[in-house]
Structures are given as structure tokens and as C-alpha cells.
Amino acid sequence: MLDGILAHARRARPDECCGLLIGRAHDVRGFHEARNTAASPRTRYTINPEDHFAAIRAARAAGLEVVGAYHSHPASEAVPSATDRAEAFPHFLFVIVSLAGPSPVVCGWTLLEGNFAPVRLVRTT
Ligand SMILES: [Zn+2]
């Protein structure tokens with residue numbers, strides 16, 4: 001799954017890629033690629049609503065739900081930007097992939113009392 005998300009990030013470069021994370025609570029089982037419809041996709045992302053609904057349908061069909069979103073930072077760190085912070089909401093896992101360095105960095109974040117807190121990502125399979 002991580003390889004798939006990294007491949008999506010590399011394919012979208014120099015734009016940001018985005019997509020949804022599907023699973024149950026804190027257990028992410030899959031991802032669903034989405035089109036980035038932001039007006040300035042190199043520094044922003046907006047998940048295409050059709051793709052968002054498709055992810056919800058795919059999740060429900062598998063008895064799961066959309067538990068988070070991922071996007072890439074082609075040229076900056078895997079840290080939420082001011083825009084990411086402004087558009088975030090609670091109870092969602094935000095995964096950011098940075099392609100800025102020699103090797104990709106993947107970080108998880110969640111909103112806790114209005115601020116982003118890091119989430120440790122653990123590979124279970
Ligand atoms: Zn961002």
C-alpha cells in the first residue's frame with residue numbers, strides 16, 4: 001500500500017497527489033487515488049468529490065470506511081502546511097508523503113484540540 005501511495009506521489013510530481021485511506025478506526029487497509037482539482041496543484045490539494053464518493057462506496061462495499069486522506073509534498077517536508085492545518089478536521093488520519101529529499105518521507109498526522117499531532121505509522125503486513 002505504501003509503495004502504491006509513493007508511486008502515485010512520483011507520478012503526480014511536480015503536482016501534489018491526493019487520495020483517501022480506507023480501513024477501520026486506526027487500521028488502514030487500503031487507499032483510493034483521487035484527482036487533485038486544486039487551482040494551484042503544485043502547492044495545494046483538493047480531493048475531487050466524485051473520487052471521494054467512489055472511495056466511500058468502495059469502503060462500504062468492503063465493510064470499511066474512509067478513515068483518512070493522503071497527499072504529497074513534492075518539494076517540501078512531510079509536515080502539514082498552513083493550508084493543511086486550516087482545512088483539517090478531527091478524527092481523520094492525514095498522511096503526507098514528502099519527495100523533497102533523496103528518499104521519500106512518510107508522516108502521519110491527526111488533529112488534536114486544534115493542532116496537528118504526529119501519528120506513528122506501523123506496518124502490520
Ligand atoms: Zn500539504
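At a probe radius of 1.4 angstrom, the accessible area of the stretch 2-119 per residue rounds to 55 square angstrom.
A DSSP coil position with no more than 10 other Cβ atoms inside 10 Å describes none of the GluC sites (Glu not before Pro) in the stretch 1-85. Take the Kirkwood radius over Cα pairs of the chain, plug it into Stokes-Einstein at 4 °C and 1.567 mPa s, and you get 90 µm²/s for translational diffusion. Taking only the Cα atoms of the stretch 1-44, the radius of gyration and Dmax are 11.5, 32 Å.
Is the shape of the stretch 63-102 rounded, prolate or oblate, going by the alpha carbon gyration tensor and its root eigenvalues a ≥ b ≥ c, with a/c under 1.5 for rounded and a/b larger than b/c for prolate? Cα axes put the stretch 63-102 in the oblate bin. Looking at the chain, the DSSP beta bridges with both ends there are about 80 percent antiparallel.
Placing +1 on the Cβ of every Lys and Arg and -1 on the Cβ of every Asp and Glu, with no other charges, gives the chain a dipole of roughly 220 debye about its Cα centre. Residues in the stretch 101-113 carry Karplus couplings, in order, of x, x, 10, x, 10, 10, 10, x, 9, 9, 8, 10, 6 Hz; the curve used is 6.51 cos²θ - 1.76 cosθ + 1.60 with θ = phi - 60°, and Gly or Pro positions show x.
The values are calculated or read from the model by the stated rules, or taken from the named source; none is laboratory data. What you are looking at is a predicted structure, and each value in this text was computed from that prediction instead of being measured. Glycine also receives a Cβ, built like all others from the backbone with ideal geometry; neighbour counts cover every protein chain displayed. For accessibility, only protein heavy atoms count, side chains too; no ligands or nucleic acids. Shrake-Rupley method; radii C 1.70, N 1.55, O 1.52, S 1.80 Å.
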